[in-house]
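As structure tokens, the structure follows; a few thoughts come after it.
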Amino acid sequence: MKTKNKNVRRDALDASNEALRRLARAPETALQIYEFAESLYMRDGGGATGQRMSLAAIEQVNEYLRQTENDVQAIKKQFQELVAVESGFQTEKIPIGF
Amino acid sequence: MAQVKTKILNARAVSNLPPVARRLIEENKQRRAGILKTSDNFRGRLDKTVAYLRWKADCNTISDAIGYIASELERERLYALYQKLFPKEWEKSSASFKRTSYNEYHTEREYEFIELVSDRYFPLCSWLDWTDFRFDHIPIEPVNFDLCCGDYEWQEFRPCLQFGVAAFWWRNTDDEDWRDILAHFGIEPDALPPICPETPPFALLEEQRGNPKIGRFLHLIEFIHHDTGNPFIDTTCCQPVDLYEWTEENLEKLKNDYQAVGNYFASMGSLDASIEKNALATFKELIGIWNTGRLPTNGRQRNLPFEAKDEGAGLLINILADFDERADDPALTL
């Protein structure tokens, strides 16, 4: 029984480390998303018409957004689980941009 | 202790930004460099900065940013459809890609596309306020009455619907409206056979759909019951409807559906003509088809082949020909 509890604890810590590794990569994705949003905002602001997107390109970006949204949800969930495991976390002090 | 379950994150989401997005980001960097060199006056730069900060404040989480991109992609989708479906108009267009203070939901260019679809494909919903809302799906304009929840006087209907709605929808031939409707056509209630309270034998009728007289009856019944499979006829405000995304396939499908609406109005036009010619005989025929699934026969015709008894087929052909001549007129009157 004791060994089983130890295994559970080790699995939880491994998962926590993995979650932290993924959280560390999240800013790169977030930065790209922010830059892309800003490029769309700025695009027509100056009155420039520019080349519009094709339907295929729109689908590509939509698929990218879907993947990113799924990842965001997964990271949020992992983060919440991590908080439950690591009792010292103060979520309000961690500005992860969600 | 909480059991932590992890999933493998999709690594592509981190690195594989689509090429079009990377191009736009690069263009934006160059634009930013250009803006720094512009000779805008202080007020101009300040206005732009304030607008940018307002936008930034609304877009300060990753979910907000994704939502903004998704909404802009919907705008791009309309532009792409405009270019594909109306290339000549797109080339000539000088409508801007900006939103105005009068309409913060659509750009002038989007409006132009919406008007083209409405003029050349099918009417888009006109009673909704396009300046106050952005539609995620194609808002079509139904051509039918909402007989379930709408409040209508029978006088608002065309002749075949005046009779058909009372006889086959309400199936209450004991009320004042029913007597008024029959009186309007100069018919005594006792002159008509009773209407079977059950639904008609649809399987039998379906086999005879090719017969114009059965076909026009089926069209009337399907129209009244919003059971045609055609969204322009079946859609009402109080029942779930198919939502059509802004895609080329859906626009073409809806265009064909709207053209098919004409068949139902041709059938009802044929019935109206028969009612005008002989209301009593037409109503007896409709009730007979409802009750038995077959055209009523008189004694002399009883043993004749089915096709030989169909005196009204020629009439329908004439009416359809008339309808084709008027097909350019988009106004479909009920």
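Checking the structure you have, find out if any residue of the stretch B:280-289 is farther than 23 Å from B:Phe202 by Cα, at pLDDT below 90 and surrounded by fewer than 16 Cβ atoms within 10 Å (Cβ to Cβ). Checked the stretch B:280-289: no residue is farther than 23 Å from B:Phe202 by Cα, at pLDDT below 90 and surrounded by fewer than 16 Cβ atoms within 10 Å (Cβ to Cβ).
To keep it simple, each residue is scored yes or no on (1) over 17 Å from B:Asp272 (Cβ atoms); (2) in a helix (DSSP H, G or I).
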{"position": "B:Tyr152", "(1), (2)": "yes, no"}
{"position": "B:Phe163", "(1), (2)": "no, yes"}
{"position": "B:Ile181", "(1), (2)": "no, yes"}
{"position": "B:Pro200", "(1), (2)": "yes, no"}
{"position": "B:Leu204", "(1), (2)": "yes, yes"}
{"position": "B:Arg209", "(1), (2)": "yes, no"}
{"position": "B:Lys213", "(1), (2)": "no, yes"}
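For B:Asn60, the criteria (1) assigned to a helix (DSSP H, G or I); (2) over 14 Å from A:Asp44 (Cβ atoms); (3) within 11 Å of another protein chain (Cβ to nearest Cβ) hold in every case but one, which is (1).
Could you tell me whether the stretch B:112-121 includes any residue that is within 13 Å of chain A (Cβ to nearest Cβ) and out of contact with any strand residue (DSSP E or B) (no Cβ under 6 Å at 6 or more places or on another chain)? Yes, there is a match, as at least one residue in the stretch B:112-121 is within 13 Å of chain A (Cβ to nearest Cβ) and out of contact with any strand residue (DSSP E or B) (no Cβ under 6 Å at 6 or more places or on another chain).
Do you know which residues across the stretch B:227-270 are among the acidic types (Asp, Glu) and either over 25 Å from B:Leu73 (Cβ atoms) or not assigned by TED's automatic domain parsing to the domain that holds B:Pro212 (or both)? Show your work before the answer.
Looking only at the stretch B:227-270, we keep the residues that are among the acidic types (Asp, Glu), and these are B:227, B:234, B:242, B:245, B:248-249, B:252, B:257.
B:Asp227, B:Asp234, B:Asp257 - these are the residues of the stretch B:227-270 that are among the acidic types (Asp, Glu) and either over 25 Å from B:Leu73 (Cβ atoms) or not assigned by TED's automatic domain parsing to the domain that holds B:Pro212 (or both).
Would you confirm whether any residue within the stretch B:75-83 is among the aliphatic types (A, V, I, L, M), touching a residue at least 24 places away in the same chain (Cβ under 8 Å) and at the interface with chain A (Cβ under 8 Å from one of its Cβ atoms)?
Step one: of the stretch B:75-83, the residues among the aliphatic types (A, V, I, L, M) are B:78, B:80-81.
Still in the list and also touching a residue at least 24 places away in the same chain (Cβ under 8 Å): B:78, B:81.
Filter once more, so that each one left must be at the interface with chain A (Cβ under 8 Å from one of its Cβ atoms): B:81.
Within the stretch B:75-83, one or more residues are among the aliphatic types (A, V, I, L, M), touching a residue at least 24 places away in the same chain (Cβ under 8 Å) and at the interface with chain A (Cβ under 8 Å from one of its Cβ atoms).
The values are calculated or read from the model by the stated rules, or taken from the named source; none is laboratory data. Everything numeric in this text was worked out from a predicted model, so none of it was measured. Every residue, glycine as well, gets a Cβ built from its backbone with ideal geometry; the counts of neighbours run over all protein chains shown.
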